[in-house]
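A.B. asks: Mind having a look at this structure? Questions to follow.
The values are calculated or read from the model by the stated rules, or taken from the named source; none is laboratory data. Because the structure is predicted, anything quoted here is derived from the model rather than measured. In this analysis, Cβ positions are derived from the backbone assuming ideal geometry, glycine residues included, and neighbour counts consider all displayed protein chains. In case anyone asks, the SASA skips ligands and DNA or RNA and just uses the protein heavy atoms, side chains included. Shrake-Rupley method; radii C 1.70, N 1.55, O 1.52, S 1.80 Å.
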Amino acid sequence: MKKTGKLILVVDDDPNLRLLLAIHLEKAGFQTIEASNGVKALQLLQDHKPDLVPDLIVTDAVMPRLDGHGLIREVRSEPAFSRIPLILLTGNDGGQAVGNAFRPDAYQKKPFVFSDLLAKVETLLSKA
């Protein structure tokens, strides 16, 4: 696998899944940063703007405090982050987001095989 060095923010309240995603993404040549919910992800983005802007965000749909849909809405509303591609991990086939502006760029239904998620990551990053 080609080393890209692209930075991916992994947002999930399940620490095991978050760690597993980070390990697999790093093995695929990506750098990762992690947050346990949408509030922490937004804080991380704001605290490190403009030095640390991820190339892509992978977020769970269901989390405490600020879920994946809320995170997408907030990211899309912030000009510095609005063009970051987002993948929403969900237990169903599609999201409940309102309006095209607040939809993720891709959905990944859980449970999933990592190679399926990786293909979506690489496709979105190739378009960026």
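A.B. asks: Determine the pairs where a residue that is at pLDDT 95 or above, located within region 1-29, has a partner that is open to solvent by 70 Å² or more (accessible area, probe 1.4 Å) and of a type in the set (Asp, Glu) with Cβ atoms under 7 Å apart, the partner being 6 or more residues away or on another chain.
C.D. replies: Every condition considered, the pairs that remain are VAL10/GLU34; ARG18/GLU34; ALA22/GLU34.
A.B. asks: Does VAL75 qualify as being out of contact with any Pro (no Cβ under 9 Å at 6 or more places or on another chain), within 20 Å of ASP13 (Cα to Cα), open to solvent by less than 60 Å² (accessible area, probe 1.4 Å) and in a strand (DSSP E or B)?
C.D. replies: no
Quick grid of which residues meet (1) assigned to a helix (DSSP H, G or I); (2) within 19 Å of ALA128 (Cβ to Cβ):
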{"residue": "ASP13", "(1), (2)": "no, no"}
{"residue": "ILE23", "(1), (2)": "yes, no"}
{"residue": "THR32", "(1), (2)": "no, yes"}
{"residue": "GLN43", "(1), (2)": "yes, no"}
{"residue": "ASP51", "(1), (2)": "no, yes"}
{"residue": "PRO54", "(1), (2)": "no, yes"}
{"residue": "ARG65", "(1), (2)": "no, no"}
{"residue": "PHE81", "(1), (2)": "no, yes"}
{"residue": "LEU89", "(1), (2)": "no, no"}
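This table checks each residue for (1) within 17 Å of ASP105 (Cα to Cα); (2) among the hydrophobic types (A, V, I, L, M, F, W, C); (3) out of contact with any Phe, Trp or Tyr (no Cβ under 7 Å at 6 or more places or on another chain).
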{"position": "ASP12", "(1), (2), (3)": "no, no, yes"}
{"position": "LEU19", "(1), (2), (3)": "no, yes, yes"}
{"position": "ILE23", "(1), (2), (3)": "no, yes, yes"}
{"position": "GLY29", "(1), (2), (3)": "no, no, yes"}
{"position": "PRO54", "(1), (2), (3)": "yes, no, yes"}
{"position": "VAL58", "(1), (2), (3)": "yes, yes, yes"}
{"position": "ARG65", "(1), (2), (3)": "no, no, yes"}
{"position": "SER82", "(1), (2), (3)": "yes, no, yes"}
{"position": "GLY91", "(1), (2), (3)": "yes, no, yes"}
